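Values quoted throughout were computed directly from the atomic coordinates according to the rules given, and no laboratory measurement underlies them. Source: prediction; values computed, not measured. All Cβ positions, glycine included, derive from the backbone under ideal geometry; neighbour counts span all protein chains shown.
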């Protein structure tokens, strides 16, 4: 006969590892010394203090943007420092596919190569989502075992509430400090069920919409409890196999229930019976900004450190919005003839160095150079326009220093959806948006910047241009190879 178990987790004492901190390894000391040579002077002490002194749970799936905000650090410097620390082995990168509905992690891996093409289905939300890199894939950092052992390195030993905090929910969730109180407020009962075991819960069903949810296998069963109360015992059996199955809804009446569980997996499972009321919805609505895969793919430090290790050649991952900036030097052929190969080469190389610095400073990344041309990406249109304005000013300074007009930069900008791909053994981007951006750059004939309506009409871009007293001039232009005319703006 199966055991009748009351909730074994409700009054469970905190594990020691939830309260204590651990010493870092000897190897960590050497890694910290190396990181100090490249990390910013403000960020490095903050990282070292975190790794040395923070409780275990603070070192699992670190949200870098929240880390920077809480310590009043520069976001870009913080991202760069964590990336360098991960490359050294201080942290482990995790690319997590996040449900936009409940904030649960639907899949995770050490690289973006683990993100699939097919829809990800969330049992708790009973919805499927096509993965996209803007808001569905977050990048987090967990301290390496080489540096310090933490409880989350053995996730199947975490207590019930900490499993939800550290493993099931993403860093995008702004969870309350007292997560146990928040979860218990919506929980009727819970159970910890070891691998290959069976157990039962006996409880009274209230007239509510209920969810039986299990976070390890990501399985759910909806129960709509309504109608006249009954004194007869109702029965419900749930089997955990580790296979994802559609979430279904059954109807039951208020009254006694015997809820039977069978765990056919090789891991512990943690089923809970929740009331799907205001407490649950409020908890799921709490969100933090997070480091998205899109932002990382257009980060210069990441591209420099990780190169093509991010994607498989066959992957085609969707980005709903990315800003592309193309540049080209006007009259570069005549430049070589006029000043000679050696002088022209030095001048062009200096121009590339300056562009590289400007792109990185505006949270962008150079994807590739083609001859004297540059293709760069930015997470938002305003950053692309800010970079373009700085590029134009920089070329004017270089020309003034030389006493000539040798460097005239043609710039085009467009924003829209695209695919992250690997082309010619390089992490690249593909799609109609990229083609339009390249064609817009082809319209430029002087030091004016050309951008599409999607860029100029962005509120952040409008504010930027207004502060600088720049008024874009709208034109209807044909773009080479494209049938329709486009509204293109010249930024004087």
Rough spin-label spacing in nm, given labels placed 7 Å along Cα→Cβ, for residue 153 and residue 178: 3.2
At R0 = 51 Å, how high is the FRET efficiency between residue 279 and residue 400 if r is their beta carbon distance? Nearest 0.05 is fine. 0.20
Full-extension gain between residue 345 and residue 200, please, as 0.36 nm times their residue separation minus the C-alpha to C-alpha distance. 44.5 nm
Beta bridges per DSSP with both ends in segment 187-276, % antiparallel, nearest 5: 65
What is the Cα centroid distance between segment 364-417 and segment 165-219, reported in whole angstrom? 52
Fewest-first ranking of 258, 84, using other Cβ atoms within 10 Å as the exposure measure: 258, 84
Please give the helix 43-53 orientation as an angle from the longest Cα principal axis of the chain, in degrees from 0 to 90, rounded to the nearest 10. 20
Restricting to DSSP H runs of at least four residues, report the calculated mean residue ellipticity at 222 nm for the chain, -39500 (n - 2.57) per run over all residues, nearest 500 deg cm²/dmol. -9000 deg cm²/dmol
If one takes the longest principal axis of the Cα atoms in the chain, at what angle in degrees, from 0 to 90 and to the nearest 10, does the Cα axis of helix 341-361 lie? 30
By the mean-Cβ-within-10 Å protection proxy, highest first, 464-471, 36-43 rank as 36-43, 464-471
How far is helix 26-35 tilted, in degrees, relative to the longest principal axis of the Cα atoms in the chain, given as a value from 0 to 90 rounded to the nearest 10? 30
Relative to the compact-globule estimate 2.2 N^0.38 Å (N residues), the Cα gyration radius of segment 187-276 stands at a ratio of 1.05
Give me the percent of Cα-Cα pairs in segment 16-155 that sit more than 27 Å apart, rounded to a whole number. 26
Exposure proxy check on 94, 323: fewest-to-most Cβ neighbours within 10 Å is 94, 323
Using Cβ counts within 10 Å as a stand-in for footprinting exposure, how do 319, 413, 238 rank, fewest first? 238, 319, 413
DSSP-defined beta bridges in the chain - what % are antiparallel, rounded to 5: 85
Mean projected area in nm² (Cα convex hull; one quarter of hull surface) for segment 309-491: 11.2
Computed over the Cα atoms of segment 94-184, the Rg and Dmax in Å are 13.8, 39
